[in-house]
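Read the figures in this text as sums done on the coordinates, not as results from a lab. The structure presented is a predicted model; accordingly, all values stated were derived computationally and were not measured. Virtual Cβ from ideal backbone geometry, glycine too; neighbours counted across all protein chains shown.
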Amino acid sequence: MELPRRSRGDELLPPGSLAALRQRLRERRSGHDLTTVIACAFDHRTRMLPFIYADMRMAPAGVRSIGSAMADAGFEKTRIVLQQWNPRFRPAHMRLDGRIPDLFLVSSMQLHTAACRQLIRDACSIDAARRPLIIAGGPKAIYEPWDVFSADPRDPWAADVAITGEEFVLLALIEALLDFKSPAEPLRQAFLRARDEGALDGLPGLVYARTDHRGAAVELVDTGVQRLVADLDELPHPVLGYGLLEPPSRTTTLGARALPPESVRRLSPIGSIVLTFGCKFACPYCPIPAYNQRQHRAKSGARVADEFTRLYQTYGIRKYFGADDNFFDDKARTLDIVETLARTEIDGLPLRKRIRWGTEVTVHDTLRLRDHLRNVRRAGVRSLWLGVEDMTATLVKKGQSVSKTTEALGLLREYGICPMPMMMHHDQQPLISRGERPYGLLNQIRLLRRAGAVSMQVLMLVPATGSKLYSGTYTSGMAYESVAGRRVEPHMLGGNYVIASHHPKPWRKQFNILLAYAYFYNPLRFAKVLVAPRTRLYLADAVWQVLGMWGLALTVRRTLGWAARLRFGRIRRLNAPPVSALPMRGPAPASVADHALPGTPATPRSAPLREREESRGPSLALPILAMS
């Protein structure tokens, strides 16, 4: 189920809203010495293709953007902990500025749900009188906010609040809580009072729990879909977030100080940067258009140039990945960025001599910008990931075809840009097909390789939260509950595991993915690239062959056992999507919760929060924050 759309004309915040909010918070910081720890949840079982290397060597944009927002709003005592680098970190042991933080924020994707829950559980073990406000955010909280609240009254771990939006929602929540907070009062106590008096119900983008006298959640209140920041130039500068990173450690505690600037490039040689949000295509398996309220948002070329310049001069980072949904989506905004970058100089040299970056595009839009690809290259672009999915457009139609895809890859190769196609495997696609139509998976990969593809991504179609197909994947009986007694776990949702299929022999689909990777990444092809290079991209090609073979070894090790289970074990299927076990409602009694899936229990009778029992003890519900 897609996220509902706000009323037309009400999707976006008024211009200047985020900048004004940060300014108001800066003016109030002297009276509130808040400390914040932001944790990025990470499940190390997800380490395989196509995420290998970047998963450990690129500090994620989501937690950094939240850290930047906190620092820019005047809350400089903020630390960002990446579980990639700090696998033994325990919130119960954290101290910042010599004390337990006022806020503990957890950012998580669906893949990392187990790690997210463990972080929350551990934070809940802190004595209630000293416990930080725990806020959950990121893709996990955006699409499944109920999953950070325990429905078991005997085990009432939980986030105090889930944020289903972006930086503005977090800062607006903090501003609302400061209106309730007395100077000597913990921030969490201010949250509990604001929650119980209904003061948060008018702030879209939150989900919080109403609790009973024992602190167990009885229902969830959803304040609705967020309003979006339209002009991404209002976002805080990313240079701030890199200065808040926790150094890698095998201990459970925090270090005395953040990672020094001179060490950032060594640990995160790839930088992530936001340029645009949104995509005009409405693929049924993709939640992106609905999340963006069918809007396209972008930074100006001048702002992007300034970010590249300051990040290079401060930390020395030379390689970047753009966190775009479809960078070529809006031609005018794309040209503003690339033409500005093509003219920009850093320390006396053109930007392209200092910076190399890549991002995601589509075949259709690449051909639409064919006359501007030279400028794209001059802007520092060295790699473009193309959402091909299926060259024959059988799975989804995005203006691609066999001829158009090979033409797009050829154009990129001509201008010295590495083509990086992304494919999706599905039940109807065979491994090899006969005849002129290249429908088979290996047929298409062979064509893409000949057209100049430098890397390859092949993932199986799986249930994607927030997409049109999500509920139907379950109600049709396509999604698996368990195979040979092993349950499907969240870390398996990345597309490397066959966990949803009507194919009578799903184990073949699992092997097809491995064979496709092995066909593309192998020692013979690596040697051929070095001995008989076909293009000037041969060095990049060789590097990706090495990374691909390494990632393939990890992928085989993690998924081969699953393939055996698919071959010989019994498959148990689900007939309904996972929904909240707790009742959910909107801010008004008996109103519909925007983030609830069909089948979620509704509250039969809901009294306003200010009518809650006055005799209850302190709530055990805790806050976490996870941003994408």
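Once the Cα atoms of helix 301-315 and of the chain are each reduced to a long axis, what angle between those two axes, in degrees from 0 to 90 to the nearest 10, is obtained?
Computed tilt is about 80 degrees.
Answer with one residue from Pro490, Ala151, Leu245: the one whose Cα lies farthest towards the positive end of the charge dipole of the chain, charges on Cβ with Lys, Arg +1 and Asp, Glu -1.
Pro490
Considering the dipole of the chain built from charges on the beta carbon (Lys and Arg +1, Asp and Glu -1) around the Cα centre, which of Leu442, Gly31, Gln510 is farthest to its positive end?
Farthest towards the positive pole: Leu442.
With charges set only on the Cβ (+1 for Lys and Arg, -1 for Asp and Glu), what does the dipole of the chain come to about its Cα centre, in debye to the nearest 20?
Working: 87 positive and 60 negative charges, 533 e Å.
Using only the charged Cβ atoms, the result is roughly 2560 debye.
Pull up the DSSP beta bridges for the chain and report the antiparallel fraction as a percent, rounded to 5. Kindly include the intermediate steps, with their values, before the conclusion.
Working: 20 of 65 bridges.
So the antiparallel bridges amount to about 30 percent of the total.
Taking a cut-off of 15 Å, what percent of all Cα-Cα pairs in the range 58-132 are separated by more than that?
Here the long-distance tail beyond 15 Å is 59 percent of all Cα pairs in the range 58-132.
With the cut-off at 21 Å, tell me which of the pairs Lys280/Lys468; Lys280/Lys404; Lys331/Lys353; Lys299/Lys397 have Cα atoms farther apart than that.
Numbers: Lys280/Lys468 15 Å; Lys280/Lys404 19 Å; Lys331/Lys353 25 Å; Lys299/Lys397 28 Å.
Checking Cα-Cα distances, Lys331/Lys353; Lys299/Lys397 exceed 21 Å.
Tell me the relative contact order for the range 64-170 as a rounded percent, counting alpha carbon contacts under 8 Å between residues six or more apart.
On the way: 130 pairs, mean separation 24.6, N = 107.
Normalised by residue count, the contact order of the range 64-170 is 23 percent.
Taking only Cα atoms, what is the 0 to 90° angle, nearest 10, from helix 538-568's long axis to the longest principal axis of the chain?
Result, in degrees: 70.
For the range 100-221, state the semi-axes of the equivalent ellipsoid (square roots of 5 times the eigenvalues of the alpha-carbon gyration tensor), sorted largest first and rounded to whole angstrom. Let's see the in-between values first.
Values: eigenvalues 79, 58, 41 Å².
The equivalent ellipsoid of the range 100-221 has semi-axes of 20, 17, 14 Å.
Counting Lys and Arg as +1 and Asp and Glu as -1, each charge on the Cβ, what is the dipole of the range 71-145 about the Cα centre in debye, to the nearest 20?
Details: 11 positive and 7 negative charges, 61 e Å.
The calculation lands at about 300 debye.
With +1 assigned to the C-beta of every Lys and Arg and -1 to the C-beta of every Asp and Glu, and no other charges, what is the dipole magnitude of the range 132-223 about the Cα centre in debye, to the nearest 20? Can you show the working numbers first?
Values: 8 positive and 16 negative charges, 53 e Å.
With Lys and Arg at +1 and Asp and Glu at -1, about 260 debye.
Counting residues in the range 1-156 as N, plug N into 2.2 N^0.38 Å and put the Cα Rg over that result. Mind showing how you got there, number by number?
On the way: Rg = 17.1 Å, N = 156, 2.2 N^0.38 = 15.0 Å.
Rounded to two decimals, the normalised Rg is 1.14.
Filter the trypsin sites (Lys or Arg not before Pro) in the range 129-226 to those in DSSP coil with at most 10 other Cβ atoms within 10 Å of their Cβ, and list the result.
Working: sites: Arg130, Lys140, Arg154, Lys181, Arg188, Arg193, Arg195, Arg210, Arg214; in loops: Arg130, Arg154, Lys181, Arg214.
Of the trypsin sites (Lys or Arg not before Pro), the ones in loops of the range 129-226 whose Cβ has at most 10 other Cβ atoms within 10 Å are Arg130, Arg154.
Could you check what % of the DSSP bridge pairs in the range 332-421 are antiparallel, to the nearest 5?
Values: 2 of 11 bridges.
Given both bridge residues lie in the range 332-421, the antiparallel proportion sits at roughly 20 percent.
Can you spot the lysines whose alpha carbon is less than 22 Å from Lys77's alpha carbon? Ignore those fewer than 8 places along the same chain.
Correct list for Lys77: Lys181.
Hey, if you drop one equal point scatterer on each alpha-carbon of the chain and run the Debye formula without solvent, what base-10 log of I(q)/I(0) do you get at q = 0.07 Å⁻¹?
For the chain, the Cα-only Debye profile gives -0.44.
For labels at Arg486 and Arg5 in the simple 7 Å Cα→Cβ model, what's the distance in nm?
Computed distance between label sites Arg486 and Arg5 equals 4.2 nm.
At 222 nm, what value in deg cm²/dmol follows for the chain if DSSP H runs of at least 4 each add -39500 (n - 2.57) and the sum is divided by all its residues, to the nearest 500? Don't jump to the answer; show the numbers that get you there.
Details: 21 runs with 213 residues, N = 628.
Mean residue ellipticity, 222 nm, calculated: -10000 deg cm²/dmol.
Lys353 to Asp155: FRET efficiency via 1/(1 + (r/R0)^6), r the Cβ-Cβ distance, R0 45 Å, to the nearest 0.05?
Values: r = 57 Å, r/R0 = 1.26.
Here the calculated transfer efficiency is 0.20.
Evaluate the distance, in nm, between pseudo-label points positioned 7 Å from the Cα of Ala581 and of Leu530 along their respective Cα→Cβ axes.
5.5
Taking Cα atoms, how many degrees apart are the long axis of helix 61-72 and the longest axis of the chain, rounded to 10 and kept between 0 and 90?
With both axes taken from Cα atoms, the answer is about 40 degrees.
How about Lys505: which lysines have a C-alpha closer than 17 Å to its C-alpha, ignoring those fewer than 8 places off in the same chain?
none
What fraction, in whole percent, of alpha-carbon pairs in the range 158-238 exceed 20 Å separation?
On the way: 1190 of 3240 pairs.
Beyond 20 Å sits 37 percent of the P(r) for the range 158-238.
Starting from the Kirkwood Rh over alpha-carbon pairs, what translational D in µm² s⁻¹ does the range 409-511 have by Stokes-Einstein at 20 °C and 1.002 mPa s? Kindly include the intermediate steps, with their values, before the conclusion.
Details: Rh = 15.5 Å.
Answer from the Stokes-Einstein relation: 138 µm²/s.
How large is the Kirkwood hydrodynamic radius of the range 445-575, in angstrom, based on all distinct alpha carbon pairs?
Numbers: mean 1/r = 0.0615 Å⁻¹.
Taking the inverse mean of 1/r over all distinct Cα pairs, the range 445-575 comes out at 16.3 Å.
Given a Förster distance of 45 angstrom, what is the FRET efficiency for Thr253 paired with Glu339, based on the Cβ-Cβ distance and rounded to 0.05? Walk me through the numbers before you get to the answer.
On the way: r = 48 Å, r/R0 = 1.07.
So the FRET efficiency works out to roughly 0.40.
Which distance in Å, rounded to a whole number, links the C-alpha centroids of the range 423-467 and the range 123-146?
39
Given the range 216-281 reduced to its alpha-carbon atoms as identical point scatterers, what log10 I(q)/I(0) does the Debye formula return at q = 0.12, 0.16, 0.18, 0.21 Å⁻¹?
-0.63, -0.84, -0.88, -0.94
Against the 2.2 N^0.38 Å scaling, with N counting residues, where does the range 461-536 land? I'd like the Cα-based Rg ratio to two decimal places. If you can, show how the numbers build up before the last one.
Numbers: Rg = 17.4 Å, N = 76, 2.2 N^0.38 = 11.4 Å.
That ratio works out to 1.53.
To one decimal place, what Kirkwood hydrodynamic radius in Å is obtained for the range 289-443 from all pairs of distinct Cα atoms? It would help to have the intermediate numbers written out before the result.
Details: mean 1/r = 0.0597 Å⁻¹.
Result for the range 289-443, one decimal place: 16.7 Å.
Please work out, to two decimal places, the log10 of the ratio I(q)/I(0) at q = 0.10 Å⁻¹ from a Debye calculation in which every Cα of the range 241-341 carries one identical scatterer.
-0.39
Label 7 Å along Cα→Cβ of His93; the range 224-262 residues with amide nitrogen under 12 Å?
From the range 224-262, the list is 249-255.
What residues of the range 557-590 lie in the reach of a label at Lys505, counting those whose backbone N is under 12 Å from a point 7 Å from the Cα along Cα→Cβ?
What the label zone holds, given the 12 Å backbone N cut-off, is 567.
Which of the listed residues, Ala576, Gly67, Ala230, is farthest toward the dipole's positive end in the chain, when Lys, Arg count +1 and Asp, Glu count -1 at the beta-carbon?
Of Ala576, Gly67, Ala230, it is Ala576.
Need one number: the % of Cα-Cα pairs in the range 326-418 sitting beyond the 21 Å mark. Display every interim value, and only then the final one.
Numbers: 1290 of 4278 pairs.
Value for the range 326-418 (Cα pairs over 21 Å): 30 percent.
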